[in-house]
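Structure, as structure tokens:
The values are calculated or read from the model by the stated rules, or taken from the named source; none is laboratory data. Owing to the predicted nature of the structure, the values given are computational and were not obtained by experimental measurement. With ideal geometry, Cβ positions are generated from the backbone for all residues, glycine too; neighbour counts draw on all protein chains shown.
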Amino acid sequence: MSDSNIIPKWLSVGVIPLMNLFLAFCVSGLFIFFIGENPFKAIFVMIKGAFYYPGAIGYTLYYTTNFIFTGLAVALAFHARLFNIGGEGQAYVGGLGVGLVCLIFDQHVVGFLVTILAILGSVIFGAIWGIIPGYLQAKRGSHIVITTIMFNFIAAALMVYLLVNVIIEPGQMSPETRDFASGVGLEQIHILAKYLGLEMAMSPLNLSFIVALFVSVGFWFLVWRTKFGYEVRSLGHSETAAIYAGIKVSSTIIIVMAISGGLAGLVAINELLGVHNKLLLGFTAGYGFTGIAVALMGRNHPFGIFLASLLFGALYQGGTELDFEFSSITREMVLLIQGLIILFSGALAYMLNPLVERIYIKYYGNYNNA
Amino acid sequence: MKNNENKGGNEAIASLPSSTESAIELKNITKRFGHVVANSDVNLKVRTGTIHGIVGENGAGKSTLMNILFGLYKPDSGMIFLNGQAVDVNSPEKSIALGIGMVHQHFMLVPTFTVLENAMLGNEGSMLLRSGEEVVLDRLKGLSNNYGLDVDFEAIILDTPVGMQQRVEILKALNRGAKILILDEPTGVLTPQETIGLFDILRSLREQGVTIILITHKLKEIMSITDTVSVMRGGKVVADFSTEKTSPEELAENMVGRKVLLSIKKPTLKVGKPVLEVKNVSHESKDGVLVLKNISFDLKEGEILGIAGVAGNGQSELLDILSGIETLQRGQITVNDKTILPFQDWNSKKAREFGVAHVPEDRHKRGLVLPFHNYENSILGYHRNKNYSSGFLMDKRKILNFVDDLVENFDVRPRSSSISSGKLSGGNQQKLVLAREIESNPNILLVGQPTRGVDIGAIERIYEDLMKLKSKGTAILLVSVELDEIMSLSDRIVVMNQGTIVGETNSSNATELDLGKMMSGLEQV
Amino acid sequence: MLESFQIIISLLDSTIRIATPLIFCAMAGIFSERSGIIDIGLEGKMLLSAFVAATATFLTGSPIFGLFAAILVSCSASLIHGFACITNKGDQVISGLAINILASGLTITLGIALFSRGGQTPPLASEQRFMPIDFLFLDQLSFVPVFGELFVEVISGHNILVYLSVLAVFFTYYVIFKTRFGLRLRAVGEKPEAVDTAGISVTKMRYQSILIAGMLCGLAGAYLSIAHGAGFGREMSAGKGYIALAAMIFGKWNPIPTLLACLLFGFLEALGVRLEGVELIWIGEVPVQVMQALPYVLTVVLLAGFIGKARAPGAIGVPYSKEG
């Protein structure tokens, strides 16, 4: 994927992606219209749902947190020209890390320490689920797209097995672990606000969001300011040049996939340490796949990923509102919009380039000659 | 019959009586890619049943012109006439229907298919393969016997030698009824024997009325097989000749425009002790072909050792091994008194630590990460250096200071640290790569094809820089397919052919003729 | 003894039922990927066509009509894929993924809008489905020991689409390896330049291939909702498209081995269901999840070159561009 040489950057990085997004929304609107509802009303309802009600923003940012983690996970791999579709599975297995740490230590060790260890657990377990496909790509030449897809399913089977047969709370019917001990977990923001004397509506937004912001900054440093980031980007742009520069291709791939998996694993801290307080079935709910849309829209840059995550956070939260306001459209509408965004911002990302180039040249002449 | 044709060919091309005798006529063809003009107002006439040569340096626009004729590219303006009729060749499909066949420089064969499957592709004889195969095989066998195109129809392309692959390409074109055959640099990958065989085939094709266009930059081939020849330079046809009435010198002059004799002052310098010793190095490629056989030489301080040879005779692999890109398999290398043995930990990183810098043959694939900014490319391979980094982090300010000096001192234009290197011209890209490698203060510099696709101005600059480096005592290994370059820069010349060193000479008493003979493997010194 | 024979018979019977959509999809995958286009979107196309088949059948009462509607919609999804990654040279994996997610969202949204049943379509009556076909001479054959029973229970008594899927395998094999179209299709997936310079349009070849893939996915979807099932349920494809993808890789992009891989994966699933709660001697209870994960694990192991080497078509995933 390369950007155009003919038009200035503000057009290719700013305007065209927005136009793609606009197209995705237009087509979504057509579907809503086709169903017999008013698309503008749907947008209004979603915006209200995402920002207006008490706690709505908290919910939006809570979803945003998940998308930042999975978006960064996909983006880092993209920088090395690796397509990590396995964010879903890595997040899921990251949850296993959180669950195991908490279940093993929470009765014996102080809650704060358990929380720290659980965060590490999410990263390490997620990383392991990324390292294996990374290793298979680097050393055995298996296509990482296929392997990560397979690993999503293997993760799902593994987690069902463990939750149903092994770490389920005895006597419990639904496949989930016991609650983690009190004192373990990441505090929700509205509770923290209460300590500070502020009144905030209840929402699942928790300290993971702050973690996500720090991780975003760290991501930027890693990719654009460190030697490792330099090597990753060299490899992503040109493997032959990377080899020439003495960069070890296979170890770089494996490390990238480890970090990528670890980032995806962090979804578990938002979901399990921040909200559910136990390990349960299917908590990843497709966030890993949404991360692909987020990375594509955010153009693999943490700031873009933040904005895209915010958009998807708003879509997810606003989407729940659709259930209440409409009889014939539901939150699954968001999946449709998500699919269209991946289509237009990802697969068709450069569809508009020739058109915009032609218009630009017509009015301003060639950018590079100017 | 043949004499008559040749006699016709001897007439000055411009005074051909009418266009009906010409198989192909191109009028005022122009083709741009972005703002690069690849072909500008090209006129060309080729008489039926003759072999017409098109010569020119790399980038002169030969391949573009032929791709237009074959319908792969669309010209921006101009007309194409076949047998006097104006035609619109807008796709290979159309051009094939018009009887044009093309043998590309890089073969267009499906590697996993058999020879037969490849040869029949596009004219399979029937909807069903089994019944089609019988018809086509008969036809192909006829063609094969007729023109001496000896192939094994059952063999898988992957397992066949390049010479046979080329014959398959020709068969493929003939199978589709080609009456006009374009060959783009057909001998680049052939051994001398295979070249002789190919030329025999071309002659027999001509005898049976096929019109052939031969694109090459090898003058010897033009002189030995063509009837007429056009010279291209800078996207234009600058001269047409009847082959009998011209000489290699005249053609060469036209190829380069004014005869550029880059006079290079070789600093007279006492060469010092050997810093690079290569002993009995052999190498097997991934396909199991022995590409280097027992290579031994040494390189001394303040010396430029030129490695001459036709492309693809092991030079690239040699560079790859010396620079650490490839693992050493057999033999040994001593770099600044440190010995590297087979399958030891030897890589580009280590090579740089040992003082070996490398200007790679392909700057697009290796020397530069094209989308990177100049400042990022200015440290490619040296990014771990303490000068540009502290701990994990890179020091952007120091890198920017460094690149500002670099583009200034080595005249990289535009003098920008932040432009992406992919937007620089070939010459400036090469200057950037060379600058980076020289600035690393190597005591061995490996240079591959330093002036490939580089304009004259930049060439002079690059030669100067190399000489300056030499006078500082750096040992330079120069690999080039340009004989002039090797002869004018090197102190000593080693000639490679089919993976072995076939000769060595001092550049002062080397002649182009001797070197040429060695390069073609005809003569061993 | 008799009981275990019965178990085997019923296992084989459900193997075939489970394998049918896998076979259609895997053959679709072969057509697409042999021409150089990665098809992650098998899952989405199957889901879409399952929904459309059920909806159209419910609305018209005719399963034939439903079948054609399914094929039509699946082909449209193929065309979107083609527009994105053949015409616009977009990323094939991203495009396929978009189709899958789009299919999830679209089927549920439209399902709820049309039928207000939480994304399900109303159940179909048996005359609105492709029902099992009993072969002739069944009664006579059932007296033949072993073979007779095998024939009656396993071979006979499936719906028409099951038999069609077997036909699809031979169709795929024949077209790909025995026809001019197949030769060109394989060439375009290995080395598109060779096809282009032979005067054959790469674009046209690839569009044709993915349209055939679309048709086959349409059959798979129809099988799910109007033959095997009696109506559409949300996410009813349930990852079968991905298993088919795995089977295709396992079969090394060749129709007959791929058929065997589909049957193997179908058998594993049937066995998993069968073994649930059963204590085996020596092993103990085999968790059903092991059987579910096995196709994916096997594919990963195969891809890693630990059992033979799966070699993908040479030009797969790379958009074809003349001037690049």
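Out of (1) among the small types (Gly, Ala, Ser); (2) surrounded by fewer than 21 Cβ atoms within 10 Å (Cβ to Cβ); (3) in a helix (DSSP H, G or I), what's the single condition that is false for residue B:416?
Answer for residue B:416: the failing condition is (3).
Select from the stretch C:244-303 the residues that are within 11 Å of chain A (Cβ to nearest Cβ) and on the phi > 0 side of the Ramachandran plot and list them in ascending order.
none
Output the residue which, of all residues in the stretch B:315-340 that are assigned to a loop (DSSP other than H, G, I, E, B) and touching a residue at least 60 places away in the same chain (Cβ under 8 Å), is farthest from the other protein chains (Cβ to nearest Cβ).
B:336
I'd like the residue in the stretch C:201-220 that is crowded, with 20+ Cβ neighbours inside 10 Å and within 14 Å of chain B (Cβ to nearest Cβ) and, out of all such residues, is nearest to residue B:110 (Cα to Cα).
Going through the qualifying residues, I end up with C:202.
Each row is one residue, and each column tells you yes or no for (1) touching a strand residue (DSSP E or B) at 6+ places or on another chain (Cβ under 7 Å); (2) farther than 30 Å from residue C:52 by Cβ; (3) surrounded by 12 or more Cβ atoms within 10 Å (Cβ to Cβ); (4) at pLDDT below 85.
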| site | (1), (2), (3), (4) |
| --- | --- |
| C:130 | no, no, yes, no |
| C:140 | no, yes, no, yes |
| C:144 | no, yes, yes, yes |
| C:148 | no, yes, yes, yes |
| C:152 | no, yes, yes, yes |
| C:156 | no, no, yes, yes |
| C:159 | yes, no, yes, no |
| C:163 | no, no, yes, no |
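Tally the residues that are within 21 Å of residue A:86 (Cβ to Cβ) and within 14 Å of chain B (Cβ to nearest Cβ), restricting the search to the stretch A:248-277.
Of the residues in the stretch A:248-277, the ones within 21 Å of residue A:86 (Cβ to Cβ) are A:249-272.
Right, trim to within 14 Å of chain B (Cβ to nearest Cβ) and you get A:249-252, A:255, A:259.
So the count comes out to 6.
In this structure, is residue A:113 more than 17 Å from residue A:166 (Cβ to Cβ), in the same structural domain as residue A:282 (by TED's automatic domain parsing) and either among the small types (Gly, Ala, Ser) or surrounded by fewer than 24 Cβ atoms within 10 Å (Cβ to Cβ) (or both)? Break it down stepwise before answering.
On the way: more than 17 Å from residue A:166 (Cβ to Cβ): yes; in the same structural domain as residue A:282 (by TED's automatic domain parsing): yes; either among the small types (Gly, Ala, Ser) or surrounded by fewer than 24 Cβ atoms within 10 Å (Cβ to Cβ) (or both): yes.
It is true that residue A:113 is more than 17 Å from residue A:166 (Cβ to Cβ), in the same structural domain as residue A:282 (by TED's automatic domain parsing) and either among the small types (Gly, Ala, Ser) or surrounded by fewer than 24 Cβ atoms within 10 Å (Cβ to Cβ) (or both).
Which pairs turn up if I take residues in the stretch B:377-399 that are more than 9 Å from chain A (Cβ to nearest Cβ) and touching a residue at least 12 places away in the same chain (Cβ under 8 Å) and look for partners that are aromatic (Phe, Trp, Tyr) and part of a loop (DSSP other than H, G, I, E, B) with beta carbon separation below 6 Å, at least 6 apart in sequence or on another chain?
If the second residue must be aromatic (Phe, Trp, Tyr) and part of a loop (DSSP other than H, G, I, E, B), the pairs left are B:399/B:388.
Which condition from (1) under 30 Å from residue B:385 (Cβ atoms); (2) surrounded by fewer than 22 Cβ atoms within 10 Å (Cβ to Cβ); (3) under 21 Å from the mean Cα position of the chain (by Cα); (4) without any contact (Cβ under 8 Å) to a residue 40 or more places away in the chain is the one that residue B:468 breaks?
With respect to (1) under 30 Å from residue B:385 (Cβ atoms); (2) surrounded by fewer than 22 Cβ atoms within 10 Å (Cβ to Cβ); (3) under 21 Å from the mean Cα position of the chain (by Cα); (4) without any contact (Cβ under 8 Å) to a residue 40 or more places away in the chain, residue B:468 is out only on (3).
Please find, among A:222, A:213, A:235, the residue that is surrounded by 22 or more Cβ atoms within 10 Å (Cβ to Cβ), assigned by TED's automatic domain parsing to the domain that holds residue A:80, of a type outside the set (Asp, Glu) and assigned to a helix (DSSP H, G or I).
A:235
Pick out the one residue from A:14, A:55, A:36 that is in contact (Cβ under 8 Å) with a residue 24 or more places away in the chain, out of contact with any Leu (no Cβ under 9 Å at 6 or more places or on another chain) and either within 30 Å of residue A:151 (Cα to Cα) or not hydroxyl-bearing (Ser, Thr, Tyr) (or both).
A:36
Scan C:246, C:270, C:261, C:293 and give me the residue that is part of a helix (DSSP H, G or I), of a type outside the set (Phe, Trp, Tyr), within 22 Å of residue A:151 (Cα to Cα) and without any contact (Cβ under 8 Å) to a residue 12 or more places away in the chain.
C:293
Report, ordered by the first and then the second residue, all pairs with beta carbons closer than 6 Å, sequence separation of six or more or different chains, a first member in the stretch A:228-247 that is within 7 Å of another protein chain (Cβ to nearest Cβ) and at positive phi, and a second member that is crowded, with 21+ Cβ neighbours inside 10 Å and not aliphatic (A, V, I, L, M).
Close Cβ pairs (under 6 Å, with a partner that is crowded, with 21+ Cβ neighbours inside 10 Å and not aliphatic (A, V, I, L, M)) amount to A:246/B:348; A:246/B:381.
Identify all residues within the stretch A:167-181 that are within 14 Å of another protein chain (Cβ to nearest Cβ) and either small (Gly, Ala, Ser) or closer than 30 Å to residue C:241 by Cβ (or both); write none if there are none.
Matches in the stretch A:167-181: A:175 only.
Would you pick out the residues in the stretch B:365-376 that are facing chain A (nearest Cβ under 9 Å), assigned to a helix (DSSP H, G or I) and surrounded by 17 or more Cβ atoms within 10 Å (Cβ to Cβ)?
The answer is B:366, B:367, B:376.
Looking at C:150, C:185, C:161, C:167, which one is closer than 30 Å to residue B:115 by Cα, away from chain A (no Cβ under 14 Å) and part of a helix (DSSP H, G or I)?
So the residue among C:150, C:185, C:161, C:167 that is closer than 30 Å to residue B:115 by Cα, away from chain A (no Cβ under 14 Å) and part of a helix (DSSP H, G or I) is C:185.
I need the full set of residues from the stretch A:246-298 which are among the hydroxyl-bearing types (Ser, Thr, Tyr), crowded, with 20+ Cβ neighbours inside 10 Å and in a helix (DSSP H, G or I), in order please. Show your work before the answer.
At the first step, the residues of the stretch A:246-298 found to be among the hydroxyl-bearing types (Ser, Thr, Tyr) are A:250-252, A:260, A:284, A:287, A:290.
Within this subset, residues satisfying the condition of being crowded, with 20+ Cβ neighbours inside 10 Å are A:252, A:260, A:284, A:287, A:290.
Those that are among the hydroxyl-bearing types (Ser, Thr, Tyr), crowded, with 20+ Cβ neighbours inside 10 Å and in a helix (DSSP H, G or I): A:252, A:260, A:287, A:290.
Within the stretch C:111-137, track down each residue that is within 14 Å of chain A (Cβ to nearest Cβ) and within 23 Å of the chain's Cα centre (by Cα).
Within the stretch C:111-137, C:111, C:119, C:120 qualify.
Between A:150, A:159, which is within 14 Å of another protein chain (Cβ to nearest Cβ), under 22 Å from the mean Cα position of the chain (by Cα) and more than 30 Å from residue C:312 (Cα to Cα)?
Among A:150, A:159, only A:159 is within 14 Å of another protein chain (Cβ to nearest Cβ), under 22 Å from the mean Cα position of the chain (by Cα) and more than 30 Å from residue C:312 (Cα to Cα).
Within the stretch B:351-364, how many residues are buried (at least 23 other Cβ atoms within 10 Å of the Cβ) and either of a type in the set (D, E, K, R) or at the interface with chain A (Cβ under 9 Å from one of its Cβ atoms) (or both)?
4
So residue C:231 passes all but one of these: (1) part of a loop (DSSP other than H, G, I, E, B); (2) within 15 Å of the chain's Cα centre (by Cα). Which condition number does it fail?
So the condition that residue C:231 fails would be (2).
Filter the stretch A:9-41 down to the residues that are small (Gly, Ala, Ser), within 26 Å of residue A:349 (Cα to Cα) and either surrounded by fewer than 17 Cβ atoms within 10 Å (Cβ to Cβ) or at pLDDT 90 or above (or both) and list them by number.
Hits for the stretch A:9-41 are A:14, A:24, A:28, A:29.
Specify the residue that is farthest from the other protein chains (Cβ to nearest Cβ); the eligible residues are those in the stretch A:313-348 that are β-branched (Val, Ile, Thr) and assigned to a helix (DSSP H, G or I).
Ranking the qualifying residues of the stretch A:313-348, first place goes to A:320.
Quick one: residue A:125 ticks every box in (1) under 30 Å from residue A:55 (Cα atoms); (2) away from chain C (no Cβ under 14 Å) bar one, so which box is it?
So residue A:125 meets the others, but not (1).
Can you confirm whether residue B:452 is away from chain A (no Cβ under 11 Å), exposed (fewer than 15 other Cβ atoms within 10 Å of the Cβ), basic (Lys, Arg) and assigned to a loop (DSSP other than H, G, I, E, B)?
no
Looking at the stretch A:148-162 only, could you name the residues that are crowded, with 21+ Cβ neighbours inside 10 Å, of a type in the set (Phe, Trp, Tyr) and more than 19 Å from residue A:77 (Cα to Cα)?
If the condition is that a residue be crowded, with 21+ Cβ neighbours inside 10 Å, of a type in the set (Phe, Trp, Tyr) and more than 19 Å from residue A:77 (Cα to Cα), then A:153 is the only one that fits.
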